[in-house]
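The values are calculated or read from the model by the stated rules, or taken from the named source; none is laboratory data. This is a predicted model, so every value here is computed, not measured. All Cβ positions, glycine included, derive from the backbone under ideal geometry; neighbour counts span all protein chains shown. Calculation scope for accessible area: heavy atoms of the full protein, side chains included, ligands and nucleic acids excluded. Shrake-Rupley method; radii C 1.70, N 1.55, O 1.52, S 1.80 Å.
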Amino acid sequence: MNPANYLYLAALLFTVGAAGVLLRRNAIVVFMCVELMLNATNLAFVTFARMHGNYDGQVIAFFTMVVAAAEVVVGLSIIIAIFRSRRTASVDDANLMKW
Amino acid sequence: MTQTLVSAASGALLATGEGGPGLHSVPATGVFDATWLVIALPLLGAAVLLLGGRRTNRFGHWLGTLLAVGSFFVGLALFSAMLDASDADRSVNQHLWDWVSVGSFQAEVGLHLDQLSMVFVLLITGVGSLIHIYSIGYMEHDENRRRFFAYLNLFLASMLLLVLANNYLLLYVGWEGVGLASYLLIGFWQHKPSAATAAKKAFLMNRVGDLGLAVAIFLMFTTFGTFSFDQVLSGNAQASGGTFTGIDLMLLLAACGKSAQFPLQAWLGDAMEGPTPVSALIHAATMVTAGVYLITRSAELFNASPDAQLVVTIVGAITVLFGAIVGCAKDDIKKALAASTMSQIGYMILAAGLGPIGYAFAIMHLVTHGFFKAGLFLGAGSVMHGMNDEVDMRRYGGLRKYMPITFVTFGLGYLAIIGFPLLSGYFSKDKIIEAAFAKGGTSGYVLGSVTLVAAGLTAYYMTRVMLMTFFGRERWKEAPVGAPADWHEPHPHESPKSMTLPMIVLAFGSVFAGGLFVLHDSFVNWLTPVTGFSEGDSPFSEYAVTGMAVAMVALGALVAYVQYARREVPAVAPQGSFITVAARKDLYQDAVNEGLVMRPGQYLTRMLVWLDLRGIDGFVGGLAAFIGGTSSRVRKVQTGFARSYALSMFGGTALVVAATLMARMA
């Protein structure tokens, strides 16, 4: 199978993730879209590793997973904290940092 | 004018300060070791009275007087020692301590006592002591008498420092010291707004003159590298004619400020707001003559610049007439005397500008004037003391019966000042008129005529003062126009002994000093080693000048007699001609100062303030407002929507990637 197809899939997934991040208001959905984008890049990394015949991409994919796991823990706890205090999970409502 | 004269003279060849005998001195030994005491005694008095505060109230006036008299006796001891010394040993130098010693800048605190300073020491401490004694009585009811004596002592110390300093920098210290004392004493009754204003006016106008002295000292230092008398005035100082002229004109400016000479004369009349003993001591006998001292002391510098000397005589001539004209119209007895002082000092300045022909006579007139003008002021104070502090001569009249001693002493002072034959003023003023003619040339005639006319005017205004005060109808018995309901007739009475005694002593001085001075030319011979002397060549004989002077005096007195003795003196001043009105307003000196200096100064400051607010502050403030405004607009970009931040991040990243790709492709 042509490895380029994997790349097309990765680009597609990334685009879906990015669109979700930019368009959705629910923090949980946004979060999942971020995960989607991360996994899209992981797929791209692994594909490139396969194409070039070395393990660099695969190693980085592992790193990304580890970082993503940590990020999920931190991100989810922030979302829960916001939800507890503001009774909403909409990212647009958390606008205390505006001018 | 200064500018053009300086540039005109700067083309002149190198000139040295020759003409005078130069100033040389020997170190102080023997009695002269005590020279510093003359200054230290009154300084001690001032320190004790000012620092001791209310605790010294009880004996303050006695202490002050005692120290002034003590200083006088030290002066007498020095004088007798100087009489015994030979001419070469009469000029002594006492080094006290080094003041500032940095590289080539050497400032020393040291005293220089010679024949000229000796005259001043005796005049200052002598008249000063008498006025201290007088003040004991005059200020008896003033609750701040102790402070008054402290200031008087401070004045004596500063004035003595001024005349005893052996370099210009130390002289400057004394110069500022007397200015300070003068300010404090003019404003002594500072609860009166007029006194406070007068003090400020005197202080500010003096500051203009002091600037001249400061610049003169700077010039001396840059030209000669020193400001000690020994070197600057030794007769070997080398500089271009223009430099000498510059230094001299700056010294003249200083003299004008301190001695109330044209154009810095306006403060003296207002200075009469101070207590009368102050007017007698500071604004008649001593401080205002500091300018004459300065010019005479700097004879070597002035001799080197005929241009500057000409300016000095012009200033003197203008002031002689100015003061005399103003004096003719004043109804306030002290202001009339103040105008007279200005005029008489004009005589001295004029004489000092004549060079070696006139220096000695300037100082001689200064001393005799010190006697009779101090006496006249003390007399005026005595009259005011007996008349509930009334100063308007139109409210006097016929006082000779009530105050016989004041009348006689004032009368003798009056005869002396108008130059009644054989009294002090006759000799000293006559000599100045002679010297003015002896200058030679057109300027000699002009100056001689001015002094003659002024002699006539002097006789006129002083006769007027005399007649209005002591003769005629007793106008003080009638209530003045617009008198308050509780007005009561004053009860003129003779003043206490502490006041009459100094007046009597000064009257003796007014009568005999001049005669003693001209006897065997003793005064001129005394000063010649310091100031030099030359006869000049007069177009008239001595007798002709004397005859003219006496005739002018008689004429002036006669006119005054016709106006003020033969006719009734109106209780309210009549309208008068435009000259009278102008003279009453001091020839519009305040209006001129206001128009020429004050208003432009105010406009300048207003313009500068505007420039500062609109220009500099406007630029700085505008820049800040621009940045502030812009940033408050740019701030709106921070919407607080996380998604829009994400979009911009995404857009940015996309751009970077696109740019990288394009770079790769190209």
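Residues to consider are B:Thr500, B:Thr531, B:Thr580; find the one that is open to solvent by less than 60 Å² (accessible area, probe 1.4 Å) and under 30 Å from B:Asn303 (Cα atoms).
Working: B:Thr500 fails: under 30 Å from B:Asn303 (Cα atoms); B:Thr580 fails: under 30 Å from B:Asn303 (Cα atoms).
Among B:Thr500, B:Thr531, B:Thr580, only B:Thr531 is open to solvent by less than 60 Å² (accessible area, probe 1.4 Å) and under 30 Å from B:Asn303 (Cα atoms).
Could you tell me whether segment B:597-617 includes any residue that is in contact with a helix residue (DSSP H, G or I) (Cβ under 9 Å, 6 or more places away or on another chain) and of a type in the set (Gly, Ala, Ser)?
no
Among the residues of segment A:80-99 satisfying the criterion of being away from chain B (no Cβ under 14 Å) and part of a helix (DSSP H, G or I), which is most open to solvent (accessible area, probe 1.4 Å)? Working first, answer last.
Start the filter on segment A:80-99 by keeping residues that are away from chain B (no Cβ under 14 Å), which leaves A:80-81, A:83-85, A:87.
Subsequent filtering for residues that are part of a helix (DSSP H, G or I) retains A:80-81, A:83-85.
Values: A:Ile80: 89, A:Ala81: 56, A:Phe83: 91, A:Arg84: 176, A:Ser85: 92 Å².
Step by step, filter segment A:80-99, then rank; the result is A:Arg84.
Name every residue in segment B:48-80 that is open to solvent by less than 20 Å² (accessible area, probe 1.4 Å) and either hydroxyl-bearing (Ser, Thr, Tyr) or closer than 24 Å to B:Trp526 by Cα (or both), in order of residue number.
B:Thr56, B:Thr65, B:Ser71, B:Gly75, B:Leu78
Could you say which residue among B:Gly174, B:Gly110 is open to solvent by less than 10 Å² (accessible area, probe 1.4 Å) and in a helix (DSSP H, G or I)?
Details: B:Gly110 fails: in a helix (DSSP H, G or I).
When all the criteria are applied, what remains is B:Gly174.
Answer yes or no as to whether B:Gly556 is of a type outside the set (S, T, N, Q) and part of a loop (DSSP other than H, G, I, E, B). Give the derivation first.
Values: of a type outside the set (S, T, N, Q): yes; part of a loop (DSSP other than H, G, I, E, B): no.
In short, no.
Enumerate the pairs (first residue in segment B:182-193 and under 19 Å from B:Gly128 (Cα atoms) and open to solvent by 60 Å² or more (accessible area, probe 1.4 Å); second residue anywhere and outside any loop (DSSP other than H, G, I, E, B) and modelled with pLDDT of 90 or more) with beta-carbon separation below 6 Å, excluding pairs fewer than 6 apart on the same chain, so at least 6 apart or on different chains.
Final answer for the pair search is B:Tyr183/B:Ala199; B:Tyr183/B:Phe203.
For segment A:40-77, how many residues are within 14 Å of another protein chain (Cβ to nearest Cβ) and over 22 Å from B:Tyr645 (Cα atoms)?
So the count comes out to 1.
Which members of segment B:302-332 meet the condition of being under 30 Å from B:Ala195 (Cβ atoms), out of contact with any Asp or Glu (no Cβ under 8 Å at 6 or more places or on another chain) and among the hydrophobic types (A, V, I, L, M, F, W, C)? Steps first, please.
From segment B:302-332, those under 30 Å from B:Ala195 (Cβ atoms) are B:315-316, B:318-332; that's our starting set.
Filter again for out of contact with any Asp or Glu (no Cβ under 8 Å at 6 or more places or on another chain), leaving B:315-316, B:318-325, B:327-330.
Passing the criteria: B:Val315, B:Ile318, B:Val320, B:Leu321, B:Phe322, B:Ala324, B:Ile325, B:Cys328, B:Ala329.
Residue under question is B:Tyr414, and the condition is that it be assigned to a helix (DSSP H, G or I), closer than 28 Å to B:Val562 by Cα, open to solvent by 10 Å² or more (accessible area, probe 1.4 Å) and not hydrophobic (A, V, I, L, M, F, W, C); does it hold?
Values: assigned to a helix (DSSP H, G or I): yes; closer than 28 Å to B:Val562 by Cα: yes; open to solvent by 10 Å² or more (accessible area, probe 1.4 Å): yes; not hydrophobic (A, V, I, L, M, F, W, C): yes.
Criteria met by B:Tyr414.
Which helices (runs of 4 or more DSSP H) does segment B:599-666 wholly contain that include 2 or more residues that are closer than 30 Å to A:Val34 by Cβ and facing chain A (nearest Cβ under 10 Å)? Talk me through it step by step, then tell me what you get.
Values: elements: B:599-610, B:617-634, B:642-665.
Result: B:642-665.
Please go through (1) in contact (Cβ under 8 Å) with a residue 24 or more places away in the chain; (2) exposed (fewer than 11 other Cβ atoms within 10 Å of the Cβ) for B:Arg566 and return the number of the only condition it doesn't satisfy.
Checking B:Arg566 against (1) in contact (Cβ under 8 Å) with a residue 24 or more places away in the chain; (2) exposed (fewer than 11 other Cβ atoms within 10 Å of the Cβ), the one that fails is (1).
Are there any pairs, at least 6 apart or on different chains, whose C-beta atoms fall under 9 Å, with the first in segment A:16-39 and more than 10 Å from chain B (Cβ to nearest Cβ) and closer than 18 Å to A:Thr88 by Cβ and the second at pLDDT 90 or above and surrounded by fewer than 16 Cβ atoms within 10 Å (Cβ to Cβ), and if so, which?
A:Ile28/A:Leu76; A:Phe31/A:Val72; A:Phe31/A:Leu76
Here are some residues: B:Ala551, B:Ala544, B:Ala573, B:Ala591. Which one is open to solvent by less than 50 Å² (accessible area, probe 1.4 Å), under 30 Å from B:Met393 (Cα atoms) and either away from every other protein chain (no Cβ under 14 Å) or in contact with a Pro (Cβ under 8 Å, 6 or more places away or on another chain) (or both)?
On the way: B:Ala551 fails: open to solvent by less than 50 Å² (accessible area, probe 1.4 Å); B:Ala544 fails: under 30 Å from B:Met393 (Cα atoms); B:Ala591 fails: open to solvent by less than 50 Å² (accessible area, probe 1.4 Å).
Being open to solvent by less than 50 Å² (accessible area, probe 1.4 Å), under 30 Å from B:Met393 (Cα atoms) and either away from every other protein chain (no Cβ under 14 Å) or in contact with a Pro (Cβ under 8 Å, 6 or more places away or on another chain) (or both) holds for just one of B:Ala551, B:Ala544, B:Ala573, B:Ala591, which is B:Ala573.
Taking the condition of being β-branched (Val, Ile, Thr) and crowded, with 24+ Cβ neighbours inside 10 Å, how many residues in segment B:135-169 meet it? Show your work before the answer.
From segment B:135-169, those β-branched (Val, Ile, Thr) are B:136, B:163; that's our starting set.
Next, from what is left, pick out any that are crowded, with 24+ Cβ neighbours inside 10 Å: B:163.
The qualifying residues number 1.
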